[in-house]
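> Take this structure first; my questions come after.
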Amino acid sequence: MQHICFLADKTELAQTSLKNLRKTYGCSGAENADVFVVLGGDGFMLQTLHRYIGKGIPFYGMNCGSVGFLMNKYQEKDLPERLNNAGLITLRPLVMEAYAANGKYKKAWAFNEVSLWRQSRQTADISISVDGVQKLPDLICDGVLLSTPAGSTAYNFSAHGPILPLASNVLALTPISPFRPRRWQGAILPRHATVSFTIRQSEKRPVSAVADFTELRHAVQVTVREDPSIGLHLLFDPERNLEDRVLDEQFSG
């Protein structure tokens, strides 16, 4: 039998589910686990992925939150059997390296997206380079983000970016409320591309750089690329196949 470590959000529903599952199946510590069963929503799943980023243990989510795109349906019955029959998806994060105006440096990973945001009433002024070649000298906007395929259905989609199939081997570069150039709708880049953002007029137009939950304010230079050295494994029930759900999102209203 697999050694299961249950991890739950602080919500009442998740904590009640945790008690019920521990009573039925017991609970291993994280150091002895064969699988993490995560109880919550997508936000808590992302927090858990970051917390155990180097463990090499698969994650099986059960939805006890408001959003559950990365989660399976909550069901207490036959959990070991469902774990054995689950399909596996490997997620590779983006790594952000950012420098602030005061010289502060931040390195952080993102499974959804790295985003740059204006910090004041002034729009941001951002220059964008891909693999060392400047592609857009002046993007005047509220912000811009680089999304993974797994994250393309999240804020990227809300910002009118494309949904990317998980096996597409590409990233989505999407502007947030662009003012100039007005008609630029973003770009689809190969997953091995390195994207550099230079913040122009950074004192007048300050920008914050965010990788999932990690933020660096007053950023002046940000570089983002996929980190091929890290792969986290998510488990999904056959009827909750993530690749099919990402595809279906492209046809939803």
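> Which ones in the stretch 79-96 are among the hydrophobic types (A, V, I, L, M, F, W, C) and closer than 17 Å to residue 21 by Cβ?
79, 83, 86
Okay, residues lined up against (1) at pLDDT below 95; (2) of a type outside the set (S, T, N, Q); (3) on the phi > 0 side of the Ramachandran plot; (4) more than 17 Å from the chain's Cα centre (by Cα):
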{"position": "150", "(1), (2), (3), (4)": "yes, yes, no, no"}
{"position": "157", "(1), (2), (3), (4)": "yes, yes, no, no"}
{"position": "165", "(1), (2), (3), (4)": "yes, yes, no, no"}
{"position": "168", "(1), (2), (3), (4)": "yes, no, no, no"}
{"position": "172", "(1), (2), (3), (4)": "no, yes, no, no"}
{"position": "185", "(1), (2), (3), (4)": "yes, no, no, yes"}
{"position": "190", "(1), (2), (3), (4)": "no, yes, no, yes"}
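> Here's something else I'd like to know. If you check residue 161 against the conditions, is it touching a Gly at 6+ places or on another chain (Cβ under 7 Å) and within 29 Å of residue 62 (Cβ to Cβ)?
yes
> For residues that are closer than 17 Å to residue 45 by Cα and modelled with pLDDT of 95 or more, tally how many sit in the stretch 87-107.
Of the stretch 87-107, the ones closer than 17 Å to residue 45 by Cα are 88-94.
Adding the requirement that they be modelled with pLDDT of 95 or more leaves 93-94.
Residues meeting the conditions: 2.
> Please go through the stretch 190-243 and pick out each residue that is hydroxyl-bearing (Ser, Thr, Tyr) and within 30 Å of residue 74 (Cα to Cα).
The one that is hydroxyl-bearing (Ser, Thr, Tyr) and within 30 Å of residue 74 (Cα to Cα): 214.
> Next question, about the same structure. Just one of (1) surrounded by fewer than 18 Cβ atoms within 10 Å (Cβ to Cβ); (2) under 16 Å from residue 207 (Cα atoms) trips up residue 160, so point out which.
With (1) surrounded by fewer than 18 Cβ atoms within 10 Å (Cβ to Cβ); (2) under 16 Å from residue 207 (Cα atoms) applied to residue 160, the lone miss is (2).
> Can residue 112 be described as under 30 Å from residue 16 (Cβ atoms) and out of contact with any Leu (no Cβ under 9 Å at 6 or more places or on another chain)?
So residue 112 does not fit the description; no.
> When you scan the stretch 8-66, how many residues do you find that are under 18 Å from the mean Cα position of the chain (by Cα) and either over 22 Å from residue 213 (Cβ atoms) or hydroxyl-bearing (Ser, Thr, Tyr) (or both)?
Here the count works out to 4.
> Go through the stretch 1-36 and give me each residue that's assigned to a helix (DSSP H, G or I) and among the aliphatic types (A, V, I, L, M).
Listed by number, the residues that qualify are 13, 14, 18, 21, 30.
> Check the stretch 16-32 and report whether any residue there is in contact (Cβ under 8 Å) with a residue 60 or more places away in the chain and not polar (S, T, N, Q).
no
> Could I ask something else about it? Can you list residue pairs whose Cβ atoms sit under 9 Å apart, with the first residue in the stretch 230-241 being free of Cβ contacts under 8 Å to residues at least 60 places away in the same chain and of a type outside the set (Lys, Arg) and the second being crowded, with 16+ Cβ neighbours inside 10 Å and in a loop (DSSP other than H, G, I, E, B)? Count only pairs 6 or more apart in sequence or on different chains.
Taking only residues 6 or more apart or on different chains, not a single pair turns up.
> Same structure, new question: Could you tell me whether any residue of the stretch 120-134 is modelled with pLDDT of 95 or more, within 17 Å of the chain's Cα centre (by Cα) and not assigned by TED's automatic domain parsing to the domain that holds residue 60?
No.
The values are calculated or read from the model by the stated rules, or taken from the named source; none is laboratory data. A quick note: this is a predicted structure, and the numbers were derived from the prediction, not measured. No Cβ is skipped: glycine too gets one built from the backbone with ideal geometry, and neighbour counts run over all protein chains shown.
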